[in-house]
Every structure is written in structure tokens, then in C-alpha cells.
Amino acid sequence: MSMREQISLMPAQFHWEPTYERENKLSKDSLQNVFLCGMGGSHLGADLLLREAPALPLTVRHEYSLPIIPEEQLAHTLVIVSSYSGETEEALDVLHTALQENIPCAAITSGGTLLAQARDAGIPTIIFPKDGVEPRMTLGYALRALTKLLNEEELFANIKKSGEELSTDTREKEGASLADIFAHKIPVFYTSTRNVAVGYILKITLNETAKIPAFANTIPEACHNELSGYDAVASSKEIIHTLLPVFVTDEKDHPRIRARMRLMREIFTKREISSCEMAIAPQLSSLAGAIEVIQTGTSVAVELAKRDGVPDAHTPIIDDFKQRLAKIPW
């Protein structure tokens, strides 16, 4: 399935009604300290969820194994192992560790080894629809599954409402227009800390879909270090002009964050460094606004992939890397 088709199907994900296997085994006591362990697209929904509800007792972890959890917290800890494919090496390692240490755990997956092992262990599991989408394009599924698992009924309902606000046609046109600005550039996405998940998702979308380098950072932090990297001397000017600072603006951000973004763009203009803006629409709900910017960024990436003649969905270099890694013994 092409990425363009996947963009058009995304709003329907926000209406999906997830169901459990072995729901009754999930203790409410374990929801006091939750780790979501996943890699790549399998943790992006959790990142966005924390943007909407930062007070949730949720830590997103993309790493092997688990951190040291104090003995007194174990009974109140839940490890959610998330892997869309069900074959992610790091996620399976976390499941093995959690089961060995008798830490309550659950799984979110579409199948594969993770589903088989979750069933063998008898742990609560939510199964994604297997409809041919890439893991990075399962944001609606992930948000619905995670809020269901965490028993967050209000958030679960609000996610569905946000899906009703999404429009794909406008995003596609805007993305095609922005592609002219992004062409032959290396985008660097700048967001507030609140919108760090949005910037990161845009970055990986350009990496995986357009097959180009892309980076992300937050403001104000970037103003204290990274900004100096644009202060070109003769030997670095050519490199700097391959960069495209992209500012993800949001009226809900702190006014000094917005002022810093404006000032950075003024400085870049003075130095003849191109930059652009992607605005989170203020008339939309917080989540819908973020998703629409992500849809626009995905449309940019799809258009760039088309122009460069590269596959917009599959990631052959990552597949090759995983095959090589599998041959290295643990």
C-alpha cells in the first residue's frame, strides 16, 4: 500500500474499537507506574499521548531490557511491550526480562513472535488490525489501544473526536506545495518541548518515507547551543545552506517560545539561510492539530520520494541492517 493511501486511511484509525485478549488479568494497581517499551513507529502513539496528558504515570522507553525498578514499586508497575510487527528484537528482549522478573506486563502488536509469546505467557494483549500500513502510520490505532489499556476513558473518547476533525485532501495539497521548499535540503525541525513528539515524528517521516537525513530539536534549548552552528564561516557556509530549519509553530506555546522562533527566522533570513513554518491550526483540538501537521509532513515526504524515484513506504536499508544484525550472536 502506498503512503498516499495510508495517509487517506489514517482518520479511520481514530474510530477503531480495540478489544482485549485476557483483559481480566490486568490489575488496576499496576497502572500506577507504566513503561511503554517499543521501537520506531511502535512508540510514537505513546509519545503523542504524553503530549496530550503529560501527567500520566507513563514512561516511554526505546531500549533493550528495563531500568532498575525498586522492589516496593514492582506490584504497581506495568510493562507494555509494543511492536507492530511483533518481531522487534528490543521489544522481545523487554518481554523476556519482564516475564523473568515477574513484572506485570501486557502487549500491543499485530501478530508475530510477540503475539505468540504473549499468548503463551497469558498476558493481556491488544491486537492491531493487520491492514498493510507502516508502523509509523498507526498513530490512531496506537492512541486508541494505549488509552484502552490504561483505562483512560475520557482520553479514549477524545481521541475518537479528534479523528472526526481530520481532513486529508488539504494536507496533501499543502504537502505538495511545501515539497518545493524541502527539495534538495536537509530539514531540521524546531518545536517547543511540548511539541517534541511532533517534531520527532516529522523527522522520522522524512527519514523513512523520503529517504533523506532529517533532524529535530527543541526551543529554547537550541537557542543556547545549536543556533551557533548556523554562524557560518567561509569553509562551512556551503554545508549550512543545505539545511532547512522548519519551525512547527503553535499558538498554545509560551509567548517567549514563539518570540524565539520569530527571531531565529529573522537571523536566518539575514544570513540568507532558507527556513519555513508548519503551523498547528489553532481552530482544531490539540491532538487533531498535531496529527494534521504530521499528515502534511508525510505528504511532503511522499512528494519528495516520488520526485527522487525511491520507495515511499518500505525501508530497504533498515531491512538489510536487521538481516545483518540477526546473524550476530547474542
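The values are calculated or read from the model by the stated rules, or taken from the named source; none is laboratory data. Please read all numbers here as calculations on a predicted model, not as lab measurements. Neighbour counts are summed over all protein chains in view; Cβ atoms, including those assigned to glycine, are modelled from backbone coordinates with ideal geometry. These accessible areas exclude ligands, DNA and RNA; they are computed on the full protein's heavy atoms, side chains included. Shrake-Rupley method; radii C 1.70, N 1.55, O 1.52, S 1.80 Å.
Residues in region 119-153 that are among the hydroxyl-bearing types (Ser, Thr, Tyr) and outside any helix (DSSP H, G or I) were compared, and the one that is farthest from residue 10 (Cα to Cα) is 125.
Please go through region 210-251 and pick out each residue that is assigned to a strand (DSSP E or B) and under 21 Å from residue 193 (Cβ atoms).
Matches in region 210-251: 215, 216, 217, 218, 219, 245, 246, 247, 248, 249, 250.
The set of residues from region 225-269 being at pLDDT 95 or above, within 18 Å of residue 213 (Cβ to Cβ) and of a type in the set (Asp, Glu) comprises just one member, 226.
Considered as a group, the residues in region 188-209 that are open to solvent by less than 40 Å² (accessible area, probe 1.4 Å) and in contact with an Asp or Glu (Cβ under 7 Å, 6 or more places away or on another chain) include one that is nearest to residue 317 (Cα to Cα), and that residue is 209. Within region 193-209, the set of residues being of a type in the set (Lys, Arg) and outside any helix (DSSP H, G or I) comprises 194 only. Once region 117-158 is narrowed to residues that are among the basic types (Lys, Arg) and closer than 27 Å to residue 312 by Cβ, the residue that is surrounded by the fewest Cβ atoms within 10 Å (Cβ to Cβ) is 130. Counting only residues that are assigned to a helix (DSSP H, G or I) and in contact (Cβ under 8 Å) with a residue 12 or more places away in the chain, region 154-167 holds 8 of them. Checked against the criterion of being open to solvent by less than 60 Å² (accessible area, probe 1.4 Å), in contact with a Pro (Cβ under 7 Å, 6 or more places away or on another chain), touching a residue at least 40 places away in the same chain (Cβ under 8 Å) and not basic (Lys, Arg), region 211-233 has no qualifying residue. All of (1) aliphatic (A, V, I, L, M); (2) more than 30 Å from residue 209 (Cβ to Cβ); (3) at pLDDT 90 or above hold for residue 26 with one exception: (3). Taken as a whole, the condition of being over 25 Å from residue 246 (Cα atoms), in contact (Cβ under 8 Å) with a residue 24 or more places away in the chain and of a type in the set (Val, Ile, Thr) does not apply to residue 188.
With respect to the conditions (1) acidic (Asp, Glu); (2) modelled with pLDDT of 95 or more; (3) part of a loop (DSSP other than H, G, I, E, B), residue 272 falls short on a single one, namely (2). Considering only region 159-167, I want to know if a residue exists there that is modelled with pLDDT of 95 or more and either crowded, with 20+ Cβ neighbours inside 10 Å or small (Gly, Ala, Ser) (or both). Scanning region 159-167, I find at least one residue that is modelled with pLDDT of 95 or more and either crowded, with 20+ Cβ neighbours inside 10 Å or small (Gly, Ala, Ser) (or both), so the answer is yes.
Condition check ((1) out of contact with any helix residue (DSSP H, G or I) (no Cβ under 6 Å at 6 or more places or on another chain); (2) more than 22 Å from residue 198 (Cα to Cα)) across all residues:
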| site | (1), (2) |
| --- | --- |
| 45 | no, no |
| 50 | yes, no |
| 68 | yes, yes |
| 76 | no, yes |
| 93 | yes, yes |
| 96 | yes, yes |
| 116 | yes, yes |
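Taking region 252-298 as the range and being free of Cβ contacts under 8 Å to residues at least 24 places away in the same chain and surrounded by fewer than 17 Cβ atoms within 10 Å (Cβ to Cβ) as the test, the residues that pass are 255, 259, 262, 263, 266, 269, 270, 281, 283. Scanning region 42-59 for residues that are part of a helix (DSSP H, G or I), out of contact with any Ser or Thr (no Cβ under 6 Å at 6 or more places or on another chain), open to solvent by 60 Å² or more (accessible area, probe 1.4 Å) and among the basic types (Lys, Arg) turns up nothing.
Does residue 92 fit the bill of being within 16 Å of the chain's Cα centre (by Cα), at pLDDT 95 or above, of a type in the set (A, V, I, L, M) and part of a helix (DSSP H, G or I)? Working first, answer last.
Numbers: within 16 Å of the chain's Cα centre (by Cα): no; at pLDDT 95 or above: yes; of a type in the set (A, V, I, L, M): yes; part of a helix (DSSP H, G or I): yes.
No; evaluated as a whole, the condition is false for this residue.
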